[in-house]
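**Q** Below you'll find the structure I mean.
The values are calculated or read from the model by the stated rules, or taken from the named source; none is laboratory data. Quick caveat: nothing in here was measured; it's all calculated off a predicted structure. Calculation scope for accessible area: heavy atoms of the full protein, side chains included, ligands and nucleic acids excluded. Shrake-Rupley method; radii C 1.70, N 1.55, O 1.52, S 1.80 Å.
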Amino acid sequence: LAALVAPPPPAGAPPPTTGGLAKLQLLYLSCTKITDAGCATLAGALCALPALQDFYLDSIPASDTAKNAVYEVYDARDHGLWH
């Protein structure tokens with residue numbers, strides 16, 4: 001997952017020259033081996049996925065706490081609570 005979603009560039013750095021995953025709307029991660037660490041990576045990378053409308057984390061080994069943290073970040077994004 002970390003390789004899929006690269007971290008955002010440092011503050012003041014020019015944006016990447018490629019669009020990356022900026023247009024990704026659906027991310028289906030169910031039945032994968034995503035762990036708590038992967039969920040933390042995803043939560044930190046949600047700002048790099050501005051078009052993401054839905055994602056699935058069913059049947060993964062991550063804890064409910066880790067999955068809920070991702071959903072909380074996603075919900076905060078949808079309510080304009082972060083940029």
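**Q** Anything in the stretch 15-36 that is hydrophobic (A, V, I, L, M, F, W, C), open to solvent by less than 90 Å² (accessible area, probe 1.4 Å), in a loop (DSSP other than H, G, I, E, B) and modelled with pLDDT of 90 or more? List them, or say none.
**A** Passing the criteria: Leu29, Ile34.
**Q** Could you please find all residues in the stretch 37-61 being part of a loop (DSSP other than H, G, I, E, B) and either polar (S, T, N, Q) or open to solvent by 10 Å² or more (accessible area, probe 1.4 Å) (or both)?
**A** Pro50, Ala51, Gln53, Asp58, Ser59, Ile60, Pro61
**Q** A follow-up question, please. When you look at Lys67, is it at pLDDT 90 or above and part of a helix (DSSP H, G or I), yes or no?
**A** yes
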